[in-house]
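Contents: one structure, followed by commentary.
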Amino acid sequence: MRAANAIAFRGVLIAIFVWAARDSGAASAFPLVNDQTQAVIVTGAQSKGERLAWRYVGDYPPRPIPTTAQAYAEQLRDSIKDSTGRTLQIVAEGVYKPETDGPAIYLGATNRTRELFRDRLRDMDSDGYVIHVTPTFVILAGNMQYVVYDFLSSYLGIDQYIPNELFSIAPRHERVIIRPESRVEVPAFLSRCLNTYRDGRTWRLHAGNGRYDFHHYIGQRFMLASQFPDNPEYFGLWQGKRVPCVGSSTPNPCVLNPDVIDIVTEHCRERFDKQPNRLSASLGMNDSYKYCQCERCKPLQGRTHSIKIEGKTTHASDYWYTFLNEVARRVHETHPDRFIGTLAYCRTEHPPNFPVQRNILPFICDSSGAWGNPAEREHDLGQVDAWLERVDRIGLYEYLYGRGYSIPRIYTRHLAEKLKHVAEKCPGSGFYAEVQYGRGFDGPKLWITERLLWAPTQDPGQLLSRWCRACFGPAAEPMKAYFEAVEQDYAEGAARVKASGNMYGYRRESQFDLMLPEDFPPLWKLLDQAQTKAAGDTLTRKRIDYFASCLTVSETVVRRHHAHAAAAELMKAKAPPADVLTALLEGEKDWPRTELWRHVFQLQRKDARQIGSIVASSRAIELMEYVLGGSVRQEIEQLLGQGERNAGRLRDAAGKAVDKL
């Protein structure tokens with residue numbers, strides 16, 4: 001962590017946790033760094049037979065393997081040095097002397113860990129880990145990447161609160177004293193992936209698509225034209241022709257062809273045999289909304305071919321899950337503990353009208369971003385519950401954008417509600433989110449999401465408080481109020497416009513209806529209060545500016561959009577062009593004069609991920625096209641009808657029509 005916050009966590013840090021171990025009556029605490037005392041990092045040898053220390057390798061899916069703790073010991077040592085200026089010694093357990101070397105941090109497969117936690121770790125999931133703090137020693141065991149991250153974040157505040165240099169924070173500490181406690185951490189969601197961070201190194205997330213395979217696959221990576229050049233009947237009939245699969249934008253294969261079902265089933269079995277740790281095989285459809293229209297496939301598609309949820313249906317559910325049912329049934333006979341992953345997407349979001357095999361694992365493509373609209377919340381929860389009644393495991397496919405929005409899109413409380421709902425009913429489910437960028441709008445959203453995936457019962461408000469204390473120190477209170485106000489504005493906007501769907505307003509001007517011009521003065525007041533509290537703390541002021549600069553963009557596009565609302569209503573009602581022009585000119589009085597694109601360019605040049613792409617207000621252009629097009633067209637059409645063909649006279653007539661406006 002390169003950026004150090006000299007305000008937050010200054011002086012003595014006492015970790016505010018309660019020890020749940022047997023000797024919880026101890027009054028003293030563990031001195032990580034305290035005056036002349038400092039801890040020693042004690043490492044053990046690699047243990048292949050016991051799950052005392054492991055790490056992930058690979059991508060599809062990540063594979064847990066035993067590991068030594070040396071690299072993680074060095075990471076722990078270097079991070080603590082960045083924060084305290086003190087260098088902890090790393091020693092092997094065989095040469096560690098408690099009476100002279102100081103208090104110990106036992107890292108990885110040590111004998112002390114084996115004595116206390118061998119039985120607990122033996123059956124633990126490969127994501128899990130133990131943090132055990134006593135007055136004289138600490139044990140960090142299990143998933144090495146995750147346990148070191150948690151220790152540094154929880155007790156020293158060292159974290160990437162946003163994955164960039166400005167928000168990668170290593171607070172300065174003179175002393176670090178940790179109260180005793182014992183924690184066994186296992187995530188509520190077994191598979192966790194944010195697609196922007198698919199390297200698996202940011203936070204406690206997985207690489208690739210996570211531990212479950214479910215994404216676009218059939219027709220994109222398998223059942224391709226190059227694999228079956230002599231079998232056109234394997235491919236979808238679309239607009240009267242068999243269209244070979246060459247990628248996700250092409251029609252899906254003819255999945256009810258018996259030969260295709262045989263081929264796909266054997267392919268899934270082979271994948272499980274070659275990778276015994278694979279939890280699921282993906283049969284996610286193409287991202288094309290195009291399904292085979294042959295006489296076998298077409299009858300199972302249409303408005304009635306799914307169950308009805310809150311008055312809605314999805315048109316291809318009966319079709320797609322007929323195919324998946326047969327494959328899942330056959331796979332279950334040979335691999336009873338494995339899943340067939342898919343996307344509940346592309347008109348297959350609802351379950352079909354018949355029972356499905358319980359080893360089908362649908363990743364439900366939906367977003368709680370529109371839950372400010374009560375009707376959308378009811379539909380989404382109904383959809384989740386319908387699947388939970390029918391299968392043993394589900395996944396949530398969320399749209400946490402980000403890019404494509406020019407306003408803050410924060411909805412952590414609604415997301416927390418959804419995650420808690422699923423975790424309580426179906427432990428071990430999966431989570432995948434499309435994120436992209438827009439960090440200057442959404443701030444703490446991803447950091448809070450990562451923590452909720454481990455424990456969705458946590459209060460998002462408390463997590464926001466922690467995030468703001470770490471990032472803004474003395475300005476934490478007004479910055480927390482700022483993000484709470486932004487989230488409330490977004491929820492109220494969703495209710496007002498009756499937002500629906502996965503990404504209401506994505507890359508569209510309709511997103512600006514989610515905010516009103518009067519939303520902005522209170523937000524600016526909070527940012528001004530934060531700047532005042534930051535005083536001379538340059539780093540904190542820069543972090544506040546990171547969000548203020550993006551709020552300028554939001555206010556500009558929203559005010560421009562609403563300035564022409566009256567004219568837009570007149571245009572919609574097909575009012576005379578002169579009336580529309582009058583309303584348009586009246587709206588110009590409230591049009592912000594910010595040099596928007598220059599401002600955006602400067603932000604993108606510094607950090608393209610801060611702001612992403614911008615959606616501009618196009619209402620003024622549409623209105624002028626209506627005004628000019630209506631009056632001028634009428635004049636020209638009249639002259640043409642009278643036989644006028646002279647270009648000069650037609651041009652003069654058009655100019656006079658404009659002057660009349």
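The values are calculated or read from the model by the stated rules, or taken from the named source; none is laboratory data. Everything quoted here is computed from the prediction, not taken from an experiment. Here the Cβ is made from the backbone with ideal geometry for all residues, glycine too, and neighbour counts use every protein chain on show. Protein only, heavy atoms only, side chains kept; ligands, DNA and RNA dropped before computing areas. Shrake-Rupley method; radii C 1.70, N 1.55, O 1.52, S 1.80 Å.
Observations on the structure shown:
- Summing Cβ point charges (Lys, Arg +1; Asp, Glu -1) relative to the Cα centre of region 72-179 gives a dipole of roughly 320 debye.
- Using the Cβ-Cβ distance between Arg118 and Glu389 with R0 set to 41 Å, the FRET efficiency works out to roughly 0.55.
- Loop-located trypsin sites (Lys or Arg not before Pro) in region 305-336, at most 12 other Cβ atoms within 10 Å (DSSP): none
- Greater than 24 Å apart at Cα, pairs in Lys312/Lys498; Lys290/Lys312; Lys498/Lys572; Lys274/Lys418: Lys274/Lys418
- Cleavage-rule hits (GluC sites (Glu not before Pro)) in region 222-306: DSSP loop, at most 15 neighbouring Cβ within 10 angstrom: Glu295
- Percent accessible area from carbon and sulfur atoms, the chain, protein chains only, probe 1.4 Å: 49 percent
- Given the alternatives [x] 44, 33, 26; [y] 63, 52, 21; [z] 50, 38, 19, semi-axes √(5λ) of the Cα gyration tensor in Å as computed for this entry is given by [z].
- Calculated [222 nm] ellipticity per residue, helices only, for the chain: -13000 deg cm²/dmol; basis is -39500 (n - 2.57) per DSSP H run with n ≥ 4, divided by all residues, nearest 500.
- Counting only DSSP beta bridges with both residues in the chain, the antiparallel share comes to about 40 percent.
- Alpha carbon centroid spacing (whole Å) that separates region 177-232 from region 273-336: 21 Å
- Computed over region 169-320: relative contact order in percent, which uses C-alpha pairs under 8 Å that are six or more apart: 20 percent
- Heavy atoms of the protein chains alone define the surface here; on that basis region 393-491 has 25 Å² accessible area per residue at 1.4 Å probe size.
- Cα centroid separation, region 560-608 to region 487-513 (Å): 19 Å
- With contacts taken as Cα pairs under 8 Å and at least 6 residues apart, the chain reaches a relative contact order of 11 percent.
- In degrees, nearest ten, helix 520-534 long axis to first principal axis of the chain (Cα): 30 degrees
- Options Leu584, Ile544, Phe363, ranked by Cα towards positive dipole end of the chain, top entry (Cβ charges): Ile544
- Gain on full stretching of the segment that runs from Thr538 to Arg496 - 0.36 nm per residue minus C-alpha separation: 11.2 nm
- Taking a ≥ b ≥ c as the square roots of the eigenvalues of the alpha carbon gyration tensor, region 512-599 is prolate, as a/c is not under 1.5 and a/b beats b/c.
- Lys/Arg +1, Asp/Glu -1 at C-beta; the chain dipole; positive extreme among Trp238, Gly208, Ala475: Gly208
- Take every Cα pair under 8 Å whose residues are at least 6 apart in sequence, average their separation, divide by the length of region 442-589, and the relative contact order is 21 percent.
- Extended-chain gain in nm, criterion 0.36 nm per residue less alpha-carbon gap, Lys606 and Asp528: 25.8 nm
- Counting only alpha carbon atoms, the long axis of helix 70-84 and the longest principal axis of the chain meet at about 80°.
- Rounded to the nearest 20, the size of the Cβ-charge dipole of region 146-242 about its Cα centre is 80 debye, with Lys and Arg at +1 and Asp and Glu at -1.
- Cα gyration tensor category, rounded, prolate or oblate, for region 547-641 with a/c compared to 1.5: prolate
- Left without a cysteine partner by the 4.7 Å Cβ rule in the chain: Cys193, Cys245, Cys268, Cys294, Cys346, Cys365, Cys426, Cys468, Cys471, Cys550.
- Close amide H partners of His350, meaning residues 5 or more places away or on another chain with modelled amide H under 5 Å apart, are Thr314.
- Dipole check for the chain: with +1 at the C-beta of Lys and Arg, -1 at the C-beta of Asp and Glu, and the Cα centre as origin, the magnitude is about 720 Debye.
- Label zone (Glu310, point 7 Å along Cα-to-C-beta; backbone nitrogen cut-off 13 Å) within region 372-389: 372-386.
- At an R0 of 56 angstrom, the distance between the Cβ atoms of Lys656 and Asn195 translates into a FRET efficiency of 0.50.
- Full extension of the chain between Lys589 and Gln634 gives 13.3 nm of extra length, using 0.36 nm per residue less the Cα-Cα distance.
- 1.4 Å probe accessible area per residue over region 137-267, in Å²: 32 Å²
- Helix 374-388 axis, angle to the chain major axis (alpha carbon atoms, nearest 10°): 50 degrees
- Dipole of the chain, positive end: most advanced residue of Cys297, Gly157, His421 [Cβ charges, Cα centre]: Gly157
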